[in-house]
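Below is one structure; the comments refer to it alone.
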Amino acid sequence: SIVEHAPLSSEFMKNTAGNQEAVTTASMSMSDLPYYFKKMNQMKKKYASDLLIHIGFEVDYLIGYEDFTRDFLNEYGPQTDDGVLSLHFLEGQGGFRSIDFTAEDYNEGIVQFYGGFEQAQLVYLAGVKQSIEADLGAFKPRRIGHISLCQKFQQFFGADGRDFSAEVMAEFEAILALVKKRDYELDFNTAGLFKPLCKETYLPKEIVTLAGALEIPFVYGSDSHGVADIGRGYNTYC
């Protein structure tokens with residue numbers, strides 16, 4: 001599956017703060033879409049005898065901009081084979097802030113804004129729950145991306161996935177219950193293993209165990225942002 005980051009709402013982008021590179025590099029632009037579909041469909045045909053290639057988007061769940069996302073999916077969803085719904089931005093200091101750009105940016109814009117790392121975890125997980133329940137139309141992705149992305153910089157804050165508080169664990173359990181109820185699937189994302197302040201998969205094994213007990217389907221994802229990243233961790237974990 002090739003699921004490039006879908007364009008962000010222009011209105012949303014006006015309401016962001018912090019390091020603007022985190023926003024400007026977070027997605028393709030609307031003007032990229034014709035070339036994206038043209039190139040991906042060319043690749044699909046070129047390698048058809050060797051690979052089944054799915055084309056789609058990693059769609060950002062933008063809190064408060066659901067109408068934009070629904071309209072986008074209604075327009076472009078019919079051209080896709082696959083998709084992931086992910087949360088990368090939360091309201092924070094000065095406007096919406098990225099949660100996964102740098103540890104310092106996350107600390108300044110999100111963690112300090114909410115009063116601590118655990119509080120930021122809880123806000124992120126509440127946003128993930130909201131994304132699962134959101135009405136984004138018939139082409140809403142059924143796969144929920146890296147639901148523990150709030151752990152990307154966990155070691156910066158002296159935390160790890162083996163040390164969730166009771167409140168954070170309860171939020172993860174609530175997310176899994178919603179995924180199960182809606183018959184969705186989860187992204188098993190190995191990118192976190194290669195992040196120096198994370199060093200574990202999104203999801204960590206404790207949450208994977210809970211999801212497995214609920215028989216929630218997983219789909220492996222390397223979250224590749226370059227050729228060298230493709231397939232990383234697959235042979236170890238899959």
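The values are calculated or read from the model by the stated rules, or taken from the named source; none is laboratory data. Every value quoted in this text rests on a predicted model; they were computed, and no experiment measured them. Cβ placement follows ideal geometry from the backbone for every residue including glycine, while neighbour counts extend to all protein chains displayed. The protein model used for the area step is the full one, side chains on, heavy atoms only, and it has no ligands, DNA or RNA in it. Shrake-Rupley method; radii C 1.70, N 1.55, O 1.52, S 1.80 Å.
Contact map, the stretch 134-157: residues that are more than 19 Å from Tyr184 (Cβ to Cβ) paired with residues that are in a loop (DSSP other than H, G, I, E, B) and aliphatic (A, V, I, L, M), Cβ distance under 6 Å, separation 6+ or inter-chain. Pairs shown: Phe153/Leu197; Gln155/Leu197; Phe156/Leu197. If you go through the stretch 98-129 and keep only what is open to solvent by less than 20 Å² (accessible area, probe 1.4 Å), closer than 27 Å to Leu176 by Cβ and either without any contact (Cβ under 8 Å) to a residue 24 or more places away in the chain or more than 18 Å from the chain's Cα centre (by Cα) (or both), you end up with Ile110, Val111, Gly116. Put simply, of Glu206, Glu104, Glu185, Glu133 the only residue that is over 30 Å from Ser10 (Cβ atoms) and at pLDDT 95 or above is Glu185.
Yes or no, residue by residue, for (1) open to solvent by 40 Å² or more (accessible area, probe 1.4 Å); (2) of a type in the set (Val, Ile, Thr); (3) in contact with a strand residue (DSSP E or B) (Cβ under 7 Å, 6 or more places away or on another chain):
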{"position": "Ala6", "(1), (2), (3)": "no, no, yes"}
{"position": "Ser10", "(1), (2), (3)": "yes, no, no"}
{"position": "Asn15", "(1), (2), (3)": "yes, no, yes"}
{"position": "Glu21", "(1), (2), (3)": "yes, no, no"}
{"position": "Asp32", "(1), (2), (3)": "yes, no, no"}
{"position": "Lys44", "(1), (2), (3)": "yes, no, yes"}
{"position": "Ile53", "(1), (2), (3)": "no, yes, yes"}
{"position": "Phe57", "(1), (2), (3)": "no, no, yes"}
{"position": "Asp82", "(1), (2), (3)": "no, no, yes"}
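Return a yes/no flag: does the stretch 198-216 have any residue that is assigned to a helix (DSSP H, G or I), open to solvent by less than 20 Å² (accessible area, probe 1.4 Å), aromatic (Phe, Trp, Tyr) and within 18 Å of Val123 (Cα to Cα). Taking every residue of the stretch 198-216 in turn, none turns out to be assigned to a helix (DSSP H, G or I), open to solvent by less than 20 Å² (accessible area, probe 1.4 Å), aromatic (Phe, Trp, Tyr) and within 18 Å of Val123 (Cα to Cα). Six or more apart or on different chains, Cβ atoms under 7 Å: show the pairs whose first residue is in the stretch 38-65 and of a type in the set (Lys, Arg) and whose second is surrounded by fewer than 18 Cβ atoms within 10 Å (Cβ to Cβ). Sorted first by the residue in the stretch 38-65, then by its partner, the pairs are Lys44/Ile53.
Across the stretch 148-177, the number of residues qualifying as over 16 Å from Phe117 (Cα atoms) and crowded, with 17+ Cβ neighbours inside 10 Å comes to 2. Whenever a residue of the stretch 189-213 is more than 16 Å from Val168 (Cα to Cα) and touching a residue at least 12 places away in the same chain (Cβ under 8 Å), its partners that are open to solvent by less than 40 Å² (accessible area, probe 1.4 Å) and assigned to a strand (DSSP E or B), lying with C-beta atoms within less than 6 angstrom and at least six residues away or across chains, give the pairs Asn189/Tyr202; Asn189/Gly221; Gly192/Tyr202.
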